[in-house]
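Following: one structure in structure tokens, then a few remarks.
Any read-out appearing in this document is the output of simple, stated calculations on the displayed coordinates, not a laboratory observation. Values in this document were obtained by computation on a predicted structure and should not be read as measured data. Cβ placement follows ideal geometry from the backbone for every residue including glycine, while neighbour counts extend to all protein chains displayed.
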Protein chains: 4
Amino acid sequence: MPHPRARVRAFVDAPTFQWFIIGVIIVNSLVLGLETSPRLMDAFPWLSTLGWVTVAIFVVEITLRIYAHGRKFFRDPWSLFDLVVVAVALIPASGVLSVLRVLRVLRVLRLLSAVRSMRRVVAALAATIPGMTSIGALLVMLIYVAGVMATQMFSATDPENFGDLPTSLLSMFQVMTGDDWAKVIQPVTDQHPAAWSFFILYILVSTYIVLNLFIAVAVEALEKQHEEGDEEIKHEVEQAESDVLAAIESLRSEVAALRTEMSDGDRGPG
Amino acid sequence: MPHPRARVRAFVDAPTFQWFIIGVIIVNSLVLGLETSPRLMDAFPWLSTLGWVTVAIFVVEITLRIYAHGRKFFRDPWSLFDLVVVAVALIPASGVLSVLRVLRVLRVLRLLSAVRSMRRVVAALAATIPGMTSIGALLVMLIYVAGVMATQMFSATDPENFGDLPTSLLSMFQVMTGDDWAKVIQPVTDQHPAAWSFFILYILVSTYIVLNLFIAVAVEALEKQHEEGDEEIKHEVEQAESDVLAAIESLRSEVAALRTEMSDGDRGPG
Amino acid sequence: MPHPRARVRAFVDAPTFQWFIIGVIIVNSLVLGLETSPRLMDAFPWLSTLGWVTVAIFVVEITLRIYAHGRKFFRDPWSLFDLVVVAVALIPASGVLSVLRVLRVLRVLRLLSAVRSMRRVVAALAATIPGMTSIGALLVMLIYVAGVMATQMFSATDPENFGDLPTSLLSMFQVMTGDDWAKVIQPVTDQHPAAWSFFILYILVSTYIVLNLFIAVAVEALEKQHEEGDEEIKHEVEQAESDVLAAIESLRSEVAALRTEMSDGDRGPG
Amino acid sequence: MPHPRARVRAFVDAPTFQWFIIGVIIVNSLVLGLETSPRLMDAFPWLSTLGWVTVAIFVVEITLRIYAHGRKFFRDPWSLFDLVVVAVALIPASGVLSVLRVLRVLRVLRLLSAVRSMRRVVAALAATIPGMTSIGALLVMLIYVAGVMATQMFSATDPENFGDLPTSLLSMFQVMTGDDWAKVIQPVTDQHPAAWSFFILYILVSTYIVLNLFIAVAVEALEKQHEEGDEEIKHEVEQAESDVLAAIESLRSEVAALRTEMSDGDRGPG
């Protein structure tokens, strides 16, 4: 008879149970959305109950998984993520902690940990981030330098957009995204026409850096694919080499046999 | 004497007939456009007649194709598409069904099924969709989570953009597309300056996911092309291998001949 | 003594003359820009003279090139382009033909035909256009279908943006480019909330087609580069194959020589 | 006992010293940001002192590096960059030179020269610029031609956006970036509906050129990566070739040995 912990592990790792939990996550996500409407919550009071039932199922599920996997549960970052987002639901969200109520919607993200293909996508996205840090740092420096310059030069002319450093940084970020940039810089350029060159240079340089940030991500994604194709070709070449070497080796043994025969033949008649 | 059905099939499959139908589709498309102007329809009443003539041609064409191809017609999705968009034209579009009148313009899309190169493009576009589902689902989850959070936090501050969940979702979608995002979030950030971090984080993450969605499509398109090139190289390597092996084999037969001659020679003088 | 036509050809094809013409094109381009300011033209009347001098130089240059190259001049599309943009300057641009005055600025584009690297870039850009026609046609059809639908459904609600078909087509184009789309559709969605689904579907589909249009161009550009790399690898494989075959062939001749020697040896002592 | 200059060189090139300077650059960058707020400067007067201390450290550092590296210092562009941005801080920024005060924030960019990975990124970005010049020149010509045309045609209709050439160029640049383009061209298209075709043609062509500019950068980035993969495959093929040739050579020596033995054998009994 198997150990009870092994039986629980078989239960929580079974596809049926995991699909059931995915269903509960979806129901919980929908309830979290409907809860934003006080009118709906008054009309259908059982929605609130349904929400608490799903949370109760999550608590039971997490408890079973902790019992089943023991220490291994706490070593898996996805499991810890599940534990934290469920725990947030249990903290009384009144008074100072009422901000935690907002975090409850992060339970929707349990879908990421529950569905295997979503985990892979998130892992793949996270893997491309290191390749972006240097260019990302360059972009941050550009916005900072441009923001300080804009504050020094234009804070008097246009206090609304460039009054102090945080405002300038946000304006420069907005200009970089290309959203209404002509309107943001208009008060300044109306008074200092030469300011156009500052902003156009900034737009060109920041667009260029963002473009290279995007290309860095794309190149990293393509690199993996290439390496696989290149590996296959190399394998093909190695295979061809070993086939040819085997044929030559077999020929060599034939020549060696010939040589033996000949010396035997020499000796034979000798 | 061939079967009449075979004769009809030869007729409807002939390039001349297919080019004629393409011409009728284009005329029908133009009429559908001109029909949007009541002034034009009054000035040129024959436009309406022309529209009905093209529909009549479509009905005859579809009938002939059903007769010619029999069950095979109903197995081809493009043929079914043709049947449906033509059938919509015949339903009396009055009363409850008047909404169907709008769907008549879908007849323009018959060009997709009639021109072979368009079919290929549509098939190629459709083929890249499966590779996008996981990242697309991630994007939908992000918008949902951000929309619920924004409703909980900002519905009181800015009811116009974040008053209820559907409004918030649309606002978050608009912010993601980068259209006037600074104006959408201004009422909120004017009151809660800390909300900037929420929105900038959302813009960075959603842009990053959209970028990866685009890269996934591009990588899939490039993959096919690579595989073809890699296959050619592998074929070249295999060809080189078999040429070399053939040369070694021919050398081996020469050595074998030498061996036979030698043993003959040994025996010869012996 | 060479033919006078050959001497003229040597003169117009000399790098010195071509650099001189590039200089004249740049001067002419600047004058065309300055001519847009009536104030500048009044202050510096010699600008107008300078403009006519550059045009006179162009006329002499084209005449010399026609004399030098004869019929070949009229077969080169770049030469014909030069001829047309210079000819436009000579047509009296008064009365009905005053619109031609605007076309004079196309003389700036003579830089494209005069600088070799620019010709290559234009040729490369033009070469990617055929690969875009099918997806481009799909995009045009989408805008047309969406425009007709929007006119039928929303012309009464929002005559400014969807009053007739041309207006709707332009609005749909604007929505596709993502410029102020939320503001374009607001009058409609305020009255018909369900219209959101129509516009969001349109935005998703049109963005997807535009993305694929861009990818088609990128794939075409990358294809060329790949093919070169693949050709090099294939060449390397062929080279390796022929080296190996040559070595085997040389070995075979050694075996053949051995065989001859042996039969000689057999005969020798015999 | 080593030369004092060598000791100084070991000191300034030590990682500890370089990390210390990176720290000073970051402190200096923050102080430059805080200095934009007169209120903060009044509240914390020691901030100004801290700024001068960091500049003093920079002066000492640069002096030590010049002493340590001698002429080599002036040959390294990064070192010259460091020298210039520190020198700017020492010029009294009053009167005519007060514009130099704005340039002080460029000291933040010393991070680029101090951190090795940032240097590499900047060098990589700069390396892709030459591949863009031709397409970039094409884009500038397009904006110029469109700007001159728009001024000639629309300066009377819409003086605000197309009143003179500089204004038109900026408007055309704004239209190209897709920012509020519908609003920029509205005054013109309201009066001349045919102007739509001019602007839509401009948007399509400029977007197409920008797309190709982006693709040119991406292709250059991918090219490097491909070449590395292709080189590895070629190396693999060469390795396989030399292995096979070595095997054939060894076989040949066996055949040669056989031939020697045989002729010996022939001679032996002879």
State whether the residues of the stretch C:89-108 include one that is on the phi > 0 side of the Ramachandran plot, without any contact (Cβ under 8 Å) to a residue 24 or more places away in the chain and not aromatic (Phe, Trp, Tyr). yes
Sort out which residues of the stretch D:218-230 are surrounded by fewer than 20 Cβ atoms within 10 Å (Cβ to Cβ) and either more than 30 Å from A:ILE233 (Cα to Cα) or touching a Leu at 6+ places or on another chain (Cβ under 8 Å) (or both), and write them in order of number. D:VAL219, D:GLN225
Could you list, in sequence order, the residues of the stretch D:253-270 that are surrounded by 17 or more Cβ atoms within 10 Å (Cβ to Cβ) and at the interface with chain C (Cβ under 8 Å from one of its Cβ atoms)? D:VAL255, D:LEU258, D:MET262, D:ASP266
Looking at D:LEU100, D:LEU139, can you tell me which residue is surrounded by fewer than 17 Cβ atoms within 10 Å (Cβ to Cβ), hydrophobic (A, V, I, L, M, F, W, C) and more than 8 Å from every other protein chain (Cβ to nearest Cβ)? D:LEU100
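Pick from the stretch D:4-37 the residues that are outside any helix (DSSP H, G or I) and not β-branched (Val, Ile, Thr): which of them is farthest from the other protein chains (Cβ to nearest Cβ)?
Taking the candidates together, the pick is D:ALA14.
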Of all the residues that make up the stretch C:157-195, how many are under 20 Å from D:ASP190 (Cβ atoms) and not in a helix (DSSP H, G or I)? 5
Just the residues that are of a type in the set (Gly, Ala, Ser) and more than 20 Å from D:ASP230 (Cβ to Cβ), please, taken from the stretch A:211-227. A:ALA216
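Residues checked against (1) surrounded by fewer than 17 Cβ atoms within 10 Å (Cβ to Cβ); (2) within 7 Å of chain C (Cβ to nearest Cβ):
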| site | (1), (2) |
| --- | --- |
| D:ALA182 | no, yes |
| D:LEU213 | no, no |
| D:LYS234 | no, yes |
| D:VAL237 | no, yes |
| D:SER250 | yes, no |
Lone unmet requirement of (1) more than 34 Å from the chain's Cα centre (by Cα); (2) surrounded by 20 or more Cβ atoms within 10 Å (Cβ to Cβ) for D:GLN191: (2)
Residue in the stretch B:54-66 that is buried (at least 16 other Cβ atoms within 10 Å of the Cβ) and aromatic (Phe, Trp, Tyr) present: yes
If you take the residues of the stretch C:200-211 that are in contact (Cβ under 8 Å) with a residue 24 or more places away in the chain and more than 10 Å from chain B (Cβ to nearest Cβ), which of them is surrounded by the most Cβ atoms within 10 Å (Cβ to Cβ)? C:TYR202
